[in-house]
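Remarks on the structure that follows.
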Amino acid sequence: MVKILDYKRFEVDLEHLMRDIEDHYTYPIEEAAITENVDNCIDEHYKEIHFNLQEGALRILMLGDGMPEQVFWNTLPKIAATTKMEAGKTLGRYGWGMKVCMSLSEEVWIETGRESFHGAQSWKLIHGEPYYKEEEPLEKGISGDFTLITLRLNAQYRDKFTPEFVERTLQKFYPTLLRGAKVKNREGEKRVLEIVINSKPVGPSPEPEYEKEKPLKANVGGQEATGYVYLAKQTLAEEQRGICVIVHGRAILRQEFFGVYSDINDRITGYVHADFLVEELAGDKTSVKKATGGWRWLSEKIGEQFADFAKEIGAIREEKPDEDILRRITKDLNDLIKHFPELQDVLKKIQLEVLIKKHLGSVRTKLGVGSELTRGVEARFKGGKGVPVWPGEEPERAPTGELGEEDALRIRRKAKGNVYITFQTKPDVKRESWFSPEGVVVINRAFPTFMRAKRLGKATEVYHNERSAIEAIFNYAVEVGAIKQKEADNYRIEVLSKWGQM
């Protein structure tokens, strides 16, 4: 029988603090007990972390640093308190790590030694609420500064914590750290962190054989991100695919950077170290606040390099659009325009002019349904291969003579109440649709929403493309000043409503 009088209640409001801790994590709480302690180890000055499993207990011994006496007795027992965010860029935060340890354990023992200070305390849940008490230190033979956390596991978790489980978790969340990559502590100092399980150093997961690799490098606000993208010789397991974003040694997420429109996705892998994202981590540190500047700049710069790699390996391919789908989309949209006079007015306000350089001869676009090819014309040069011209448009000859390197053909184009659509594969363009310089709505087949819609079937693909085309029209109309943003927002709601009823 536990004597409550021997323990002190934690100095926070605990009514709901320890309940439903699992809901804070998007991955198993048993893994969180491993990662939270490694993250804390990375943040401080520890040089080694040892995991030992014995008799229903998990011992986590960190060597090379320890807790100051004031922190150990005054801050640590507050459980949800932290000084780390005040110190700056660290992985550990919110006191989640120790809460996780308590939720798995009958008792948690914490012992630390730093310089002349040596202290110990134990934590226990009593009637669902956490208590702690001071203890007599047990570890007399450890030389140097250290912290030891011992989890005396609840019966339901004892069988789950095996050396193999701990190793798999470490390999999953710290792939490059286990290959010897240096990690930063809270002061920004880098060092190699050694991880050991039952006296055996932990190595990374076996790497697949690679057919091709490309370095990744980006400068974001004066801070550097580096890594590699690889093409494996064989199909990869799903959890290995995509670019692994690593922050202070911790794998945060896998990101396809807008992917590629190809089944070769299952052979592309890689990583990028981006420590500057540490302050943009969200929740359980498996995601990033993507609206922030650091993430946007990183994804744009690495995305461009990833797109180049995809082209090099033939992962981007221009597929011929489904003519039936194209006809249906064109018909649906133009039927909508006929039933919505305000949208006709918007389209008629859009004045587009296409200038085709005579030394280029043509623009990079495909003929769409209803268009025809018109050759570029200029006296001193051969005619260009041509540009698509839509019904009702009149091409004009470009200036010649003393103007020299001017245009082979100029087309003034008005939408005149009709919409035309084409498809392009642009993995480095972070938009699902836009008005092209040729005056046609372009649907980006490399954008994730398109790829997902295509996988879900024709009906979903048609819906996605029609909605994207409507958005492109309004975005361009605002961009060129044909209508104001507020007016466009009102029109958009009415158009989408009418479209949904058709």
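Could you list, in sequence order, the residues of region 451-463 that are surrounded by 19 or more Cβ atoms within 10 Å (Cβ to Cβ) and either basic (Lys, Arg) or without any contact (Cβ under 8 Å) to a residue 24 or more places away in the chain (or both)? Answer for region 451-463, where residues must be surrounded by 19 or more Cβ atoms within 10 Å (Cβ to Cβ) and either basic (Lys, Arg) or without any contact (Cβ under 8 Å) to a residue 24 or more places away in the chain (or both): just 453. Scanning region 74-118 for residues that are in a helix (DSSP H, G or I), modelled with pLDDT under 75 and either of a type outside the set (Lys, Arg) or at positive phi (or both) yields 85, 86, 87, 96. For region 125-182, a residue qualifies if it is buried (at least 20 other Cβ atoms within 10 Å of the Cβ) and on the phi > 0 side of the Ramachandran plot, but none of them does. With respect to being in a helix (DSSP H, G or I) and either at pLDDT 60 or above or surrounded by 16 or more Cβ atoms within 10 Å (Cβ to Cβ) (or both), residue 35 fits the description. Does residue 493 qualify as being free of Cβ contacts under 8 Å to residues at least 12 places away in the same chain and more than 13 Å from residue 336 (Cβ to Cβ)? Spelling it out, residue 493 is indeed free of Cβ contacts under 8 Å to residues at least 12 places away in the same chain and more than 13 Å from residue 336 (Cβ to Cβ).
Answer with yes or no whether residue 105 is out of contact with any strand residue (DSSP E or B) (no Cβ under 8 Å at 6 or more places or on another chain) and of a type in the set (Ser, Thr, Tyr). Here the answer is no, as residue 105 does not meet what is asked. Residues that are in contact with a strand residue (DSSP E or B) (Cβ under 6 Å, 6 or more places away or on another chain) number at least 3 in the following helices (runs of 4 or more DSSP H) confined to region 440-502: 458-479. When each of 310, 232 is tested for being in contact with a Ser or Thr (Cβ under 9 Å, 6 or more places away or on another chain), surrounded by 15 or more Cβ atoms within 10 Å (Cβ to Cβ), among the aliphatic types (A, V, I, L, M) and at pLDDT below 90, the lone residue that passes is 310.
For (1) under 17 Å from residue 59 (Cβ atoms); (2) in the same structural domain as residue 25 (by TED's automatic domain parsing); (3) at pLDDT 95 or above; (4) assigned to a strand (DSSP E or B), each residue gets a yes or a no:
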{"position": "120", "(1), (2), (3), (4)": "yes, yes, yes, yes"}
{"position": "133", "(1), (2), (3), (4)": "no, yes, no, yes"}
{"position": "139", "(1), (2), (3), (4)": "yes, yes, no, no"}
{"position": "148", "(1), (2), (3), (4)": "yes, yes, yes, yes"}
{"position": "151", "(1), (2), (3), (4)": "yes, yes, yes, yes"}
{"position": "160", "(1), (2), (3), (4)": "yes, yes, no, no"}
{"position": "165", "(1), (2), (3), (4)": "yes, yes, yes, no"}
{"position": "171", "(1), (2), (3), (4)": "no, yes, yes, no"}
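Annotation note: Cβ proximity below 7 Å between a residue of region 36-54 that is closer than 14 Å to residue 186 by Cα and a residue that is among the acidic types (Asp, Glu) (sequence gap 6+ or interchain) occurs for 44/65; 45/65; 46/65; 47/194. Within region 286-308, the set of residues being more than 21 Å from residue 221 (Cα to Cα) and touching a Leu at 6+ places or on another chain (Cβ under 8 Å) comprises just one member, 286. Select, from 207, 187, 224, 213, the only residue that is farther than 28 Å from residue 161 by Cβ, among the acidic types (Asp, Glu) and part of a loop (DSSP other than H, G, I, E, B). None of the other options fit; the residue is 187. Among all residues of region 263-270, there is at least one that is out of contact with any Gly (no Cβ under 8 Å at 6 or more places or on another chain) and at pLDDT below 80. May I ask you to verify whether residue 195 is outside any loop (DSSP other than H, G, I, E, B) and in the same structural domain as residue 266 (by TED's automatic domain parsing)? It is false that residue 195 is outside any loop (DSSP other than H, G, I, E, B) and in the same structural domain as residue 266 (by TED's automatic domain parsing). Determine whether residue 488 is closer than 30 Å to residue 315 by Cβ and either in contact (Cβ under 8 Å) with a residue 60 or more places away in the chain or small (Gly, Ala, Ser) (or both). Taking the combined requirement at face value, the residue does not satisfy it.
The values are calculated or read from the model by the stated rules, or taken from the named source; none is laboratory data. Quick caveat, the model's predicted, so the values are computed rather than measured. We place every Cβ from the backbone using ideal geometry, glycine too, and count neighbours over all the protein chains shown.
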